[in-house]
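What follows is a set of notes on a single structure, which appears directly below.
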Amino acid sequence: YILQVVETTIANIIDANPKMKVRPRPKTLDPNTLEEHLAGAKTLERLLFYELDVDNFAEKQRPYIMQGLITGLSVGKCYWKSRSALQKSLARGEQLVTDDYGFPIGSIPVMREKEEMTLVEDDPCFEVVNVNDFLWHESSVDVQPAPYLIHLVWKTFEELKELDKHGA
């Protein structure tokens, strides 16, 4: 019965396409400034929708809300995810043409393969944190005034070697 209650509640809470309504602060503004603030709010709405879409936030809502309904607490971590990778591309170059005696007589265009580090991912990220891996000071009643917060992260030995190689 409890599982059905949780599933029904989740279905009622989750929004398939989460959107945020942004409004400028209510101040007494002249009409030109008000129009500028409204245009900025619309732009921010589009940016937030894009960032939620890039992060697949709609898929992350369910575990986040389910954890909150079951345990009474849910934890999420927001951060910026950047990743670079080695990418191959073609670059135009010139190849020197020589005669039979080794004297240059001209050049012809050729395509050469080159490799360079390129930023392949540079987006915001929301991660659901298992509430069992999140700790705070035992006398704190709220997260804000807590003297410390601990998020236990589980790494493989290879991941630890990689972190050690980068000095982390």
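The values are calculated or read from the model by the stated rules, or taken from the named source; none is laboratory data. Here the structure is a predicted model, which is why all the values come from computation and not from measurement. Here the Cβ positions follow ideal geometry from the backbone for every residue, glycine too, while neighbour counts run over all protein chains shown. Heavy atoms of the whole protein, side chains included, go into the accessibility calculation; ligands, DNA and RNA do not. Shrake-Rupley method; radii C 1.70, N 1.55, O 1.52, S 1.80 Å.
The requirement of being in contact with a Lys or Arg (Cβ under 7 Å, 6 or more places away or on another chain) and at negative phi is not satisfied by SER82. Within the range 37-68, being in a helix (DSSP H, G or I), open to solvent by 70 Å² or more (accessible area, probe 1.4 Å) and within 21 Å of ALA16 (Cβ to Cβ) holds for ARG46, LEU47, PHE49, TYR50, ASP53, GLU59, ARG62, TYR64. For first residues located in the range 26-54 and under 27 Å from PHE126 (Cβ atoms), partners that are in a helix (DSSP H, G or I) and not aliphatic (A, V, I, L, M) and lie 6+ apart or on another chain with Cβ distances below 9 Å form the pairs GLU51/PHE57. Here the condition is being farther than 18 Å from PHE126 by Cα and either touching a helix residue (DSSP H, G or I) at 6+ places or on another chain (Cβ under 7 Å) or aromatic (Phe, Trp, Tyr) (or both); of ILE70, ILE2, ILE65, it holds for ILE70 alone. Only one of the numbered conditions (1) in contact (Cβ under 8 Å) with a residue 24 or more places away in the chain; (2) open to solvent by less than 90 Å² (accessible area, probe 1.4 Å) is violated by HIS137, and that is (1). Here GLY76, GLY106 are screened, and the one residue that is in contact with a strand residue (DSSP E or B) (Cβ under 8 Å, 6 or more places away or on another chain), part of a strand (DSSP E or B) and at pLDDT below 90 is GLY106.
Applying the condition of being part of a loop (DSSP other than H, G, I, E, B) and more than 17 Å from TYR50 (Cβ to Cβ) to the range 17-36 and asking which residue is least open to solvent (accessible area, probe 1.4 Å) yields PRO24. If you go through the range 84-102 and keep only what is open to solvent by 70 Å² or more (accessible area, probe 1.4 Å), modelled with pLDDT under 90 and among the charged types (D, E, K, R), you end up with just ASP100.
Scan the range 1-10 for residues that are among the hydrophobic types (A, V, I, L, M, F, W, C) and surrounded by 10 or more Cβ atoms within 10 Å (Cβ to Cβ) and the total you get is 3.
Given the structure, is SER139 over 23 Å from ASP55 (Cα atoms) and of a type in the set (Gly, Ala, Ser)? Yes, satisfied.
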